[in-house]
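The values are calculated or read from the model by the stated rules, or taken from the named source; none is laboratory data. As the structure is a computational prediction, the values presented were derived from the model and not from experiment. Virtual Cβ from ideal backbone geometry, glycine too; neighbours counted across all protein chains shown. We work out accessible area using only protein heavy atoms, side chains counted, and drop any ligands, DNA or RNA first. Shrake-Rupley method; radii C 1.70, N 1.55, O 1.52, S 1.80 Å.
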Amino acid sequence: MPRTALLAASAGLAVTAALAVAACGEQGSGTRLAPAPATEAQIRASPPGAASDAVARTAGRLPACSAARGKVMVAVVPRSVNHLLLILTNTGSGCCAAYGYPRLRFNQDQAVTRVMPGSRPHAVVTLAPGQSAYATVRTSGADGSAAAGIRPARVLTVHFADASAAGTTGTPARLALPEGTSVDDSAAVSFWQATPGDALMW
């Protein structure tokens, strides 16, 4: 799907977002998106820890969206060689919340990819069953300023934030990246967003 089409389609998702608010009884929104062109996305998941769910219920929050409650894919962004789009879809039977931002590791990197601080949404994105949240991944700097650290990237490990947004929950997802993907030291990820258009702003 062309990037312009993704941006235009996001405007038509407002009604579905409103339905997510009503369905989940929380602030925030979720959206539906037709299947996006994605590379192989393999999820290795196990049920999230009972302790994390207990914390969420005690705080009056929805349980965190994770690989155990959903499916995550990575999609190529046409006409943008240094961006990827993460799509997290709630495949569970109840609502969940995409807290914070995905914690990413490329290949065997020890450090977690930095976050784009300005991308924090006004409210946590909440997802009814079948709805999706989106995060953009900038793989390299457009100006080539970090080119000295550029390296091939074949695997992306995605960790999911817990209800506190300070820690993580569940088993991470491991995704195969599109052939030819490279990253450098400026790689960064956005907070989870309600629409692909919101994510692609970053």
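Remarks
- Residue count for the range 117-139 satisfying the condition of being within 26 Å of P178 (Cβ to Cβ) and open to solvent by less than 20 Å² (accessible area, probe 1.4 Å): 11.
- One residue alone among A54, A17 is outside any loop (DSSP other than H, G, I, E, B), over 17 Å from T157 (Cα atoms), open to solvent by less than 30 Å² (accessible area, probe 1.4 Å) and modelled with pLDDT under 95, and that residue is A17.
- Listed here are the strands (runs of 3 or more DSSP E) enclosed by the range 87-128 that have at least 1 residues being over 20 Å from A75 (Cα atoms): 96-98, 125-127.
- Pair list, Cβ < 6 Å and 6+ apart or interchain, from the range 184-197 residues that are free of Cβ contacts under 8 Å to residues at least 40 places away in the same chain to residues that are outside any loop (DSSP other than H, G, I, E, B) and open to solvent by 10 Å² or more (accessible area, probe 1.4 Å): D185/G149
- G197 vs. criteria of a type outside the set (D, E) and farther than 13 Å from P102 by Cα: yes
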